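The values are calculated or read from the model by the stated rules, or taken from the named source; none is laboratory data. Because the structure is a prediction, the values reported are computed rather than measured. Cβ placement follows ideal geometry from the backbone for every residue including glycine, while neighbour counts extend to all protein chains displayed.
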Amino acid sequence: MTMNSSATVLRSAPLPNATGGPSGLAWGFVGIVAFSLTVPMTRIAVGGLSPLFIGTGRAVVAALLAALVLTLTRQPLPARPAVWARLAVVAGGVVVGFPVLTSYALGTVPAAHGAVVIAVLPAVTAVAVVLRTAERPSYAFWFFSVIGAAVVVAFVAVQGGGLGQIHMADLLLIGAVLACALGYMEGGLLSRELGSWQTISWALVLTSPLMVVLAVVALVQEPPSATPGQIAAFGYLAVVSMFLGFFAWYRGLAIGPMTTVSQIQLLQPVLTISWAALLLGEHVGTATIVGAVAVIFCAAGAVRSRDARRLQAPEPSSKATASTWWVIGNRSKARSVRSR
């Protein structure tokens, strides 16, 4: 890591996608597949490691990897205070806020109950993107997104035996969803400026002092007694769930459209239950299959409705269109002058 000012050109527009390269949806799907293994791996690791250490220790390991990669690639420190403030939003959401709040909440409510509340994360992420950016999805997109969120909530509620009563744990889970949505949204935007892996790396490094202190406290309070399998599960959480998975996820959000890519999260509960069946031997019944089909249909509907809007011809009177053609025209003139 060097102290030179970043030479990266800051951009607010979606990253261009090279012809033949993976789309934002493809990158997003890879990220969600990586995240979908988090719950099964946590269930394995918690047998020999304390929940506090799992939540903080994986961030410490990921931060060490991030610092190593940043140093080896000689990434310049972000020079602007505003960038560090935005990195703090990312770190507060996906490195600290979501793991800590869900850990406290799930100490008093079942995991299935927590999954019901967290299932609204795609919709909340889409709202955060709309409020923060110029993206304006179609009504059809919102219809499929809301229906998809409702299907996920109903699906997990049926699996868990119902929602139950709202209490303090629900407020903590709602806070976790809000924190994660902000972290996803701001991380996707910063990935257009710093790069996907650079964004999560700097966020991990930023929070590493706090995570180290909490991890040490966890080790003192409850010394680990993990088996090799449990250590391997913890390794997955640290290396993939907390680090590499964000490479693909933030890359997908950066390419965008962010509102569309965020809806890939609708598949995560279904994938998680599928992994639980394969790795933990949990039973998968007809309801799971029906729920999976319904969720995939809603996700596909949201994606297709957003893509259809993008294919529409822009309005001639649009200020954005006029500005775009002005920039293109100036670039063409500049190339003509240079060719002479």
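Numerical summary
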{"item": "Qualifying helices (runs of 4 or more DSSP H) (wholly inside region 164-240; at least 2 residues being over 30 Å from V120 (Cα atoms))", "result": "196-221, 228-236"}
{"item": "Qualifying residue in region 261-279 (condition: modelled with pLDDT of 85 or more and touching a Phe, Trp or Tyr at 6+ places or on another chain (Cβ under 6 Å))", "result": "no"}
{"item": "Region 247-260 - residue that is closer than 19 Å to L121 by Cβ and either of a type in the set (A, V, I, L, M) or at pLDDT 90 or above (or both) and, of those, surrounded by the fewest Cβ atoms within 10 Å (Cβ to Cβ)", "result": "A248"}
{"item": "Residue in region 27-41 that is part of a loop (DSSP other than H, G, I, E, B), more than 21 Å from the chain's Cα centre (by Cα) and at pLDDT 50 or above present", "result": "no"}
{"item": "Residue under evaluation Q230, criteria (1) in contact with a Gly (Cβ under 9 Å, 6 or more places away or on another chain); (2) within 30 Å of F297 (Cα to Cα); (3) not hydroxyl-bearing (S, T, Y), criterion not met", "result": "(2)"}
{"item": "Tally of residues being farther than 18 Å from Y184 by Cβ and buried (at least 19 other Cβ atoms within 10 Å of the Cβ) across region 20-36", "result": "0"}
{"item": "The listed residue being assigned to a helix (DSSP H, G or I), at pLDDT 75 or above and more than 20 Å from G188 (Cβ to Cβ), out of F143, F155", "result": "F143"}
{"item": "Some residue of region 231-254 being closer than 26 Å to L131 by Cβ and of a type in the set (S, T, Y)", "result": "yes"}
